[in-house]
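Contents: one structure, followed by commentary.
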Amino acid sequence: MKNLTKSKNQLPLELPEIIVRPDLQSRLHRGFFGLLSLIGWLIWLYLLLPLASLVAWWFGWRLFDTYIQLDSAQFIRSMLIINLIVFLMGSLLLLWALYNLIRFRGKERRAFIPPVTTPEIASFYALNATEVAQSQQFKITYVSFDDHGHFTRLEDHPPLNAG
């Protein structure tokens with residue numbers, strides 16, 4: 001390994017923080033991002049609705065037309081039955097969610113992977129720990145590989161916007 005020294009004319013590079021551990025977020029942030037995700041999925045499903053209608057029409061699925069053409073008493077009975085079924089299914093879903101909320105409140109069952117240590121990185125890439133530790137101090141690292149995909153050189157690279 002050669003050229004692991006920092007260059008003298010390097011400007012500081014400003015990178016935004018990226019949250020990779022949602023357990024460090026507050027409940028408000030997690031709730032907001034969950035709501036944002038739900039809104040995104042609803043928009044996505046809304047955009048796919050015409051495609052689903054086209055596929056249903058293509059295969060001749062016109063069952064609702066039959067119910068519309070019934071007399072008004074039959075239509076009202078059918079709609080009451082459909083609404084009752086939807087209400088029961090929604091109630092079951094809410095009961096299941098309430099059960100899960102009571103059972104798992106405050107318990108995070110998903111385990112997070114511990115951060116990778118410098119010796120583990122060195123072992124994986126067949127480097128020594130000193131080289132890895134030194135390259136971790138670089139803002140931008142230039143990496144060269146041989147024909148077999150092994151590291152041949154790690155060096156500190158000045159930022160691209162440094163003139």
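Laboratory data are not the source of any read-out in this text; all were calculated from the coordinates shown. Here the structure is a predicted model, which is why all the values come from computation and not from measurement. Here the Cβ positions follow ideal geometry from the backbone for every residue, glycine too, while neighbour counts run over all protein chains shown.
A few remarks follow.
- As a proxy for reagent exposure, Phe124, Phe151 were ordered by neighbouring Cβ count within 10 angstrom, fewest first; the result is Phe124, Phe151.
- Of the trypsin sites (Lys or Arg not before Pro) found in the stretch 76-152, those that fall in a DSSP loop while having at most 11 other beta-carbon atoms within 10 Å are Arg105, Lys107, Arg109, Arg110.
- For Arg153, the residues whose amide H sits under 5 Å from its own are Ser144, ignoring neighbours fewer than 5 places away on the same chain, with H placed 1.01 Å from N.
- Among Ser53, Ser26, a tally of other beta-carbon atoms within 10 Å of each Cβ gives an order, fewest to most, of Ser26, Ser53.
- Residues Ser144, Ser72, sorted so that the one with the fewest Cβ neighbours within 10 Å comes first: Ser72, Ser144
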